[in-house]
1. How do the pairs read when you match residues in the stretch 35-63 that are among the polar types (S, T, N, Q) with residues anywhere that are surrounded by 11 or more Cβ atoms within 10 Å (Cβ to Cβ) and not in a helix (DSSP H, G or I), using Cβ under 7 Å and keeping only pairs 6 or more apart or on different chains?
2. Which condition from (1) touching a residue at least 60 places away in the same chain (Cβ under 8 Å); (2) under 28 Å from Leu59 (Cβ atoms) is the one that His156 breaks?
3. Considering every residue within the stretch 87-96, establish whether at least one is within 20 Å of Thr154 (Cβ to Cβ) and touching a Lys or Arg at 6+ places or on another chain (Cβ under 8 Å).
4. Among the residues in the stretch 16-34, are any within 24 Å of Thr154 (Cβ to Cβ), touching a helix residue (DSSP H, G or I) at 6+ places or on another chain (Cβ under 7 Å) and either of a type outside the set (Gly, Ala, Ser) or surrounded by 14 or more Cβ atoms within 10 Å (Cβ to Cβ) (or both)?
5. For the stretch 110-128, how many residues are exposed (fewer than 13 other Cβ atoms within 10 Å of the Cβ) and more than 14 Å from Asp94 (Cβ to Cβ)?
6. Quick one: which residue in Val26, Val19, Val37, Val10 is at pLDDT 95 or above and either β-branched (Val, Ile, Thr) or under 30 Å from Glu119 (Cα atoms) (or both)?
7. Which of the residues belonging to the stretch 87-101 are exposed (fewer than 15 other Cβ atoms within 10 Å of the Cβ) and under 21 Å from the mean Cα position of the chain (by Cα)?
8. Which one is surrounded by the fewest Cβ atoms within 10 Å (Cβ to Cβ), of the residues in the stretch 43-86 that are of a type in the set (D, E, K, R) and assigned to a helix (DSSP H, G or I)?
Amino acid sequence: MKKRSLWPWVIASALALHVVGSLVMVFVATSNPSYAVEENYYQKALAWDSKRAQDATNLALGWKIEFTANPPTAPGKDAVLEARLHDAHGSPLDGATVSVEAFHNARAHDILRAQLEAEGDGVYRSALPMRHDGRWELRFTVTRGSDHFTHTATPHLFVEGCW
């Protein structure tokens with residue numbers, strides 16, 4: 001082979017290597033389970049004024065929510081999320097509908113949703129398949145009558161069982 005005929009192959013190989021490398025990078029980036037985009041992020045941005053109004057409503061209501069996540073009690077069981085609701089005076093808040101969206105920050109694409117069941121005395125519970133210790137984001141929505149309350153928290157939770 002002449003030296004001249006080798007150069008087109010070198011150039012074509014370099015271009016092909018670049019295309020294959022780019023395709024591999026796209027595949028790796030889009031198949032990563034820790035990659036996530038906020039759901040309806042554009043609509044949430046457009047509704048910023050509504051979010052600020054909800055923040056003002058939350059302050060006016062004065063409701064408080066305290067929560068714990070208890071590890072599973074046996075293999076194959078789910079962690080139990082328990083929320084305690086109090087009104088502005090510190091009294092238990094019963095008769096509300098409480099829902100939560102929860103996700104581990106390392107797996108923000110896997111959103112767990114649940115409606116917590118009322119246990120009485122301001123306590124609401126639900127089992128959630130929370131499988132990893134670490135930083136979780138919990139987005140609570142509470143509705144009682146015409147009142148609507150929201151709360152977001154990002155605690156470090158220990159939800160893995162001891163087995």
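The values are calculated or read from the model by the stated rules, or taken from the named source; none is laboratory data. Note that the coordinates shown come from a computational prediction; the quantities given were computed from them, not determined experimentally. Virtual Cβ from ideal backbone geometry, glycine too; neighbours counted across all protein chains shown.
1. Cβ pairs passing all conditions: Gln54/Thr150; Thr57/His148; Asn58/Phe149; Asn58/Thr150.
2. (1)
3. Quick first cut of the stretch 87-96, residues within 20 Å of Thr154 (Cβ to Cβ) only: none.
Within the stretch 87-96, not a single residue is within 20 Å of Thr154 (Cβ to Cβ) and touching a Lys or Arg at 6+ places or on another chain (Cβ under 8 Å).
4. Within the stretch 16-34, one or more residues are within 24 Å of Thr154 (Cβ to Cβ), touching a helix residue (DSSP H, G or I) at 6+ places or on another chain (Cβ under 7 Å) and either of a type outside the set (Gly, Ala, Ser) or surrounded by 14 or more Cβ atoms within 10 Å (Cβ to Cβ) (or both).
5. So the answer is 2.
6. Val19
7. Thr97, the sole residue that qualifies.
8. This residue is Asp49.
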